[in-house]
Amino acid sequence: MRVSAARIIRLITGDMNHVCIGNENATPVVFAHGWARTHHDFIQVAESLAPVANSILLDLPGFGDTPRPDDTWGSEEYADHCAGFLQQRALPPVIWVGHSFGGRVGMQMAVRHPQLLAGLVLVASAGIPVPGTSGRQWRRKARQLRFKLAKRKANSAEEIALLEKQYGSADYIHSAEIGLRDIFVKVISENQTEDAKTIATPTRLVYGNKDNDTPVSIGETLNQLIDNSQLTSCPEFGHIDILSRGRHQIALAIKDLISGAAG
């Protein structure tokens, strides 16, 4: 485990709901889903890899059948928790496959626990600002300021709820409904640009050109930031259907890393 004066690693042990698919004697491949999703998103990919991979599909804390953390976690805490999960099982280095939020966690795994990873597949991963959107960021900050000012004048919880629907994103609204608002706000405020520059794990990036949530420009930037990375852009896929219609591209990226690990 790598520890520096600037980075204190918290190893958070504990179990997570998970499903295993495939050959238990093959290379372990860990799948981590996106925000407000579950392990079900990766079942099709894992089934297609059954002969060559020992696939472990997680429900990250707060989602599916895994309880939420007691504290307000960011991607670092999620990564430390997942590291504890892997170490408890004494697994050899794994290939981490993360979609969106699961990609954020995967990048932190590669930074904080690189000895646990043999490869990293980032599927429509979040974690850095959308490149070239300074105007968009300014409008978002202005919208947040208007929301804060209006919220101060609200006289009831009902008025605040209406303001949240007016100013908040769908994920922001839903995060309160599932009791994860604090975690959501912490996670989306993170910028992993500098962390990405330090990743040495072999990395494959799979992004959809029709993805409006984590556009392919994020993948292009990560491809420049991460050494030993390769980008596959899929012209017809969006943020969610890349997991189903694009599952063959994800499987190819995983097989490529399995071959590299075996070599």
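No value in this document is a laboratory result; all are computed from the given coordinates. Values in this document were obtained by computation on a predicted structure and should not be read as measured data. Here the Cβ positions follow ideal geometry from the backbone for every residue, glycine too, while neighbour counts run over all protein chains shown.
A compact table of results
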item	result
Leu231 long-range amide H proximity, modeled H, under 5 Å	Leu205
Inter-label distance for Thr72 and Arg245, nm, one decimal - labels placed 7 Å from Cα along Cα-to-Cβ	3.9
Residues His99, His81 arranged by fewest to most Cβ contacts within 10 Å	His81, His99
Full-stretch length increase - Asn155, Arg89 - with 0.36 nm per residue and alpha-carbon distance subtracted	18.6 nm
From phi via Karplus (6.51, -1.76, 1.60), per-residue ³J(HN,Hα) for the stretch 25-33 in Hz, x at Gly/Pro	9, 8, 4, x, 10, 9, 10, 10, 7
Ascending count of other beta-carbon atoms within 10 Å, so fewest first, for Arg152, Arg89, Arg247, Arg204	Arg152, Arg89, Arg247, Arg204
Centroid-to-centroid separation of the stretch 189-221 and the stretch 54-95 [C-alpha atoms, Å]	21
Residues with amide H under 5 Å from that of Val121, placed H, sequence gap 5 or more	Trp96, Val97, Gly98, Arg204
Relative packing of peptides 252-259, 110-117 - highest average C-beta neighbours within 10 Å first	110-117, 252-259
Label-point gap, in nm, between His40 and Leu252 - each point 7 angstrom along Cα→Cβ	2.9
